[in-house]
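Just below is one structure, and these are the notes that go with it.
The values are calculated or read from the model by the stated rules, or taken from the named source; none is laboratory data. Since the model is a prediction, treat every value here as computed from it, not as a measurement. Because the Cβ atoms are built from the backbone with ideal geometry, glycine has one as well, and the counts that use them run over all protein chains shown. Note: areas computed on protein heavy atoms with side chains; ligands, DNA, RNA excluded. Shrake-Rupley method; radii C 1.70, N 1.55, O 1.52, S 1.80 Å.
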Amino acid sequence: MAFYYDSNPTTESNKKVISYRKNGVNFEFTTDTDVFSKSDVDFGSDLMISAMIEDLKENNVKVSSFLDLGCGYGVVGIVMKSVFKAASVTCLDKNTRAVGLTKENAKNNGTPLKQVLASDCLSALTEEDVFDVVATNPPVRAGKQTVFAFYEQAFEHMHEGSYIYVVLQRKQGAPSTEKKLMELFGNVTTVDIAAGYRVMRSIKQ
């Protein structure tokens, strides 16, 4: 059985286009089999996008570089590029089909991205790749070890003052993620909660 966190999906492709509206902008995303939330933009990502935009603007954060970690078909990175137009946006996903869709969706929505890479966690990045903001809706089905590797490796690609946002359901491990973020960053703030989902933010000190 194939999963969205597999590197090379083998299920026959069956693309479809879904519509999404955020921050007053209409988007269209092409999705496919074996990618995360193929039928519509998932609630957690939608919640994180809203909370993140509001929080960054409230704190007057200059977003010059943004990482969409575990990007799926590119929703978070593409929407953030449309809001923070000066930001250079990088999207990473282990799933090669998702990577291809992200490139296609960035082009179709007129949101040029700096780089879209197939990557096991953050392994495809170099030491020069450092971000002001990192966002992830982590692949909980891949296991806690993988999820925590997301946070640990993201920490190494953030500079002092950088923000990381994570969205998880409580039943999927939000409390353990909160504990892990506290261990890594020394701080964690819940910026939004809805329908069992929690959006958490930590700042690298």
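A few remarks follow.
- For the set Lys38/Lys94; Lys38/Lys62; Lys38/Lys180; Lys171/Lys204; Lys38/Lys179, the pairs lying more than 22 angstrom apart at their alpha carbons are Lys38/Lys62; Lys38/Lys180; Lys171/Lys204; Lys38/Lys179.
- By the Cβ-Cβ criterion of under 4.7 Å, the unpaired cysteines of the chain are Cys121.
- Sequence-distant contacts, meaning Cα pairs under 8 Å at least 6 residues apart, place the relative contact order of region 149-205 at 44 percent.
- Percent carbon-and-sulfur accessible area, the chain, ignoring ligands, DNA and RNA, probe 1.4 Å: 47 percent
- Volume per residue that the Cα convex hull of the chain spans, once the total is divided by residue count, Å³: 109 Å³
- Applying the criteria of a DSSP loop state and at most 13 other Cβ atoms within 10 Å to the GluC sites (Glu not before Pro) of region 79-188 yields Glu127, Glu128.
- Computed [θ] at 222 nm, helices only, for the chain once each DSSP H run of length n ≥ 4 contributes -39500 (n - 2.57): -9500 deg cm²/dmol
- Sites listed here are trypsin sites (Lys or Arg not before Pro) in region 56-150 whose DSSP assignment is loop and whose Cβ has at most 10 other Cβ atoms within 10 Å: Lys85.
- The C-alpha radius of gyration of region 142-205, expressed as a fraction of 2.2 N^0.38 Å, stands at 1.05.
- Remark: the chain carries 46 Å² of accessible area per residue (probe radius 1.4 Å; ligands, DNA and RNA excluded).
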